[in-house]
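**Student:** Before I ask anything, let me first share the structure, which is written out below as structure tokens.
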Amino acid sequence: MSHIGSESQPLRVAIIGAGPAGFYVAEHLFKKKELVTKVDLFDRLPTPYCLVRNGVAPDHQKIKSVTKVFDRIAAKPGFRFFGNVELGSDITVEDLRRYYHQIVYTTGAQTDRNLNIPGIDLKGSHAATEFVAWYNGHPDFRDYEFDLSQEAVAVIGIGNVAVDVARILCRTREELLESDIADHALEALSESAVKDVYMLGRRGPAQGAFTPPELKELGELQDADVIVLSSEAELDDLSQAAMAKADRGTERKVEILQTFCSREPVGKNRRLHLRFLVSPIELFGDEDDRLESMRLVRNELYTTPAGTLRPRPVDEYEDLPVGLVFRSIGYRGVPIEGVPYNDSWGVIYNEAGRVVEAESKNPVLGEYTAGWIKRGPSGVIGTNKPDSVDTVEKMIKDLDAGKVLTPSMPDEQSLESFIQDRQPDYFSFADWQRLDEMEKARGEAVGRPRIKFTRIDEMIAAKNASI
Ligand code: NAP
């Protein structure tokens with residue numbers, strides 16, 4: 001009898017979530033030359049690439065070019081894409097077990113971490129994730145509205161997402177035209193009245209979560225002066241001492257911030273203020289619950305028993321008049337029905353990529369995870385590659401030990417018929433490629449990298465018209 005992974009009985013794998021981790025899992029499976037593997041990659045959107053399309057900033061086209069790598073993976077024999085197919089509604093985990101030997105969840109971190117302070121739900125206070133998805137044209141967010149008639153905006157957090165949000169708020173229309181920002185966002189941001197953007201770090205300059213190139217870019221904006229207060233750029237004694245053991249990246253960040261600090265504003269139309277050692281403690285609104293200001297408390301750093309520097313409030317306050325706030329304090333995963341989920345960490349319960357039961361920690365047969373839903377929202381796109389390799393190694397080990405699901409319909413056609421029945425408007429990779437060509441052609445006509453489709457029904461109509 002042939003074994004699973006042979007020509008007559010290929011290993012059938014379903015990957016849920018067509019972001020970097022999903023593609024890297026597929027890539028590593030295809031690298032196993034001794035195995036014949038058929039991979040079906042599912043996404044709830046018609047378009048692949050997840051975070052690369054809907055999260056990476058539109059003015060970072062170079063980072064977005066990683067999609068070329070994903071396209072090469074998609075061109076491998078044995079790869080299929082099923083876009084516009086949602087796990088939980090169009091297909092369930094139970095269904096998947098009938099068609100696949102192994103299932104891999106790579107659904108990422110689709111929502112934001114909460115900040116529980118009074119007033120956080122006032123009108124004008126938003127999760128940065130919503131703004132990011134909106135300006136990138138994610139269909140679920142394209143009708144969101146942000147009050148860009150406000151002159152002062154705060155971004156809470158100083159990670160790279162906060163940097164993206166602040167930078168996009170400060171860009172001129174001319175700068176945005178070079179990006180593939182969604183048209184609705186381009187128009188809204190072109191009319192923006194924003195003058196002052198405050199990025200709020202609860203710790204000091206040496207603890208910024210941004211990376212040096214992203215920080216440096218903030219000093220190169222066409223029409224925004226970057227402002228750092230010298231009182232906040234100075235390192236406190238604990239940070240100073242920690243610098244002796246700091247890596248090059250941290251040194252570089254501190255150097256860049258010192259340069260910003262020594263600059264005189266040159267009267268650009270916008271000002272980007274990088275603030276340190278402050279935490280928002282309350283948001284205040286008007287009688288219509290519309291945000292008007294936020295109260296900040298000053299922090300000092302202290303050393304935890306584990307040796308990290310953490311913030312704690314001192315009795316000093318400041319009110320910042322802001323009409324718009326973006327909370328950018330990290331992403332969080334979203335649970336999948338029927339898959340063990342660790343709510344406090346926002347990840348699927350797993351051991352090095354093997355999904356495990358919440359209580360017993362016993363492996364769940366045939367189920368795996370990779371990427372942010374496995375380890376939390378950290379690292380850059382490339383971090384997902386070794387992470388996915390690690391998961392695939394566990395999958396192969398289990399396959400070798402005979403620990404796989406026993407699907408009743410492992411042939412490719414049965415699954416396709418099932419999807420056809422459940423979601424006739426599904427997108428194959430070829431369908432996506434046609435959409436991609438259309439977006440690029442629409443962009444080319446006006447000298448932009450692409451003009452995105454931002455509604456699913458538009459995407460379906462374009463697909464049907466192109467067949
Ligand atoms: P992040 O890097 O984890 O940064 C989160 C920020 O929120 C930190 O400054 C953190 O401060 C702050 N924060 C957390 N809780 C807070 C609280 N209660 N009050 C105030 N501030 C709080 O998360 P992210 O910016 O969402 O980025 C996620 C990942 O994507 C990161 O690995 C990032 O590098 C990556 N990314 C990369 C790029 C790029 O390469 N261009 C672009 C976007 C995102 P503490 O440090 O004090 O906790």
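The values are calculated or read from the model by the stated rules, or taken from the named source; none is laboratory data. Nothing here was measured: the structure is a model prediction, and the numbers come from that model. With ideal geometry, Cβ positions are generated from the backbone for all residues, glycine too; neighbour counts draw on all protein chains shown. Keep in mind that these areas ignore ligands, DNA and RNA; they rest on the heavy atoms of the full protein, side chains included. Shrake-Rupley method; radii C 1.70, N 1.55, O 1.52, S 1.80 Å.
**Student:** Please identify the pairs in which a residue from segment 74-91 that is free of Cβ contacts under 8 Å to residues at least 12 places away in the same chain has its Cβ atom under 6 Å from the Cβ atom of a residue that is in a loop (DSSP other than H, G, I, E, B), counting only partners at least 6 apart or on another chain.
**Tutor:** none
**Student:** Residues of segment 202-254 being β-branched (Val, Ile, Thr) and either closer than 22 Å to residue 312 by Cβ or within 15 Å of the ligand (Cβ to nearest atom) (or both), which ones? Write out each step before concluding.
**Tutor:** Narrowing segment 202-254 to residues β-branched (Val, Ile, Thr): 211, 226-228, 250, 254.
211, 250, 254, listed by residue number.
**Student:** Looking only at segment 94-128, count every residue that is open to solvent by 20 Å² or more (accessible area, probe 1.4 Å) and either in a helix (DSSP H, G or I) or closer than 20 Å to residue 179 by Cα (or both) and tell me the total.
**Tutor:** Matching residues across segment 94-128 total 3.
**Student:** Still on this structure: With the requirement that a residue be more than 16 Å from the ligand (Cβ to nearest atom), touching a Lys or Arg at 6+ places or on another chain (Cβ under 8 Å) and either in a loop (DSSP other than H, G, I, E, B) or open to solvent by less than 20 Å² (accessible area, probe 1.4 Å) (or both), what does segment 184-201 give you?
**Tutor:** 186, 189, 194, 195
**Student:** Of all residues in segment 135-160 being under 16 Å from the mean Cα position of the chain (by Cα) and open to solvent by 10 Å² or more (accessible area, probe 1.4 Å), which is farthest from the ligand (Cβ to nearest atom)?
**Tutor:** Among those that are under 16 Å from the mean Cα position of the chain (by Cα) and open to solvent by 10 Å² or more (accessible area, probe 1.4 Å), it is 139.
**Student:** Collect the residues in segment 71-93 that are among the hydrophobic types (A, V, I, L, M, F, W, C) and surrounded by fewer than 16 Cβ atoms within 10 Å (Cβ to Cβ), keeping them in residue-number order. First the steps, then the outcome.
**Tutor:** Of the residues in segment 71-93, the ones among the hydrophobic types (A, V, I, L, M, F, W, C) are 73-75, 79, 81-82, 85, 87, 91, 93.
Within segment 71-93, 75 is the sole residue that qualifies.
**Student:** With the condition kept exactly as written, say whether any residue in segment 369-387 is more than 16 Å from the ligand (Cβ to nearest atom), open to solvent by 30 Å² or more (accessible area, probe 1.4 Å), modelled with pLDDT of 95 or more and not in a strand (DSSP E or B).
**Tutor:** Within segment 369-387, not a single residue is more than 16 Å from the ligand (Cβ to nearest atom), open to solvent by 30 Å² or more (accessible area, probe 1.4 Å), modelled with pLDDT of 95 or more and not in a strand (DSSP E or B).
**Student:** Among the residues of segment 161-183, count how many are more than 12 Å from the ligand (Cβ to nearest atom) and open to solvent by less than 40 Å² (accessible area, probe 1.4 Å).
**Tutor:** 10
**Student:** Restricting to segment 314-345, count the residues that are aromatic (Phe, Trp, Tyr), out of contact with any Leu (no Cβ under 9 Å at 6 or more places or on another chain) and open to solvent by 60 Å² or more (accessible area, probe 1.4 Å).
**Tutor:** Total satisfying the criteria: 1.
**Student:** Can you pull out the residues in segment 291-316 that are of a type in the set (Val, Ile, Thr) and either in contact (Cβ under 8 Å) with a residue 40 or more places away in the chain or closer than 18 Å to residue 240 by Cα (or both)?
**Tutor:** 303, 304, 308
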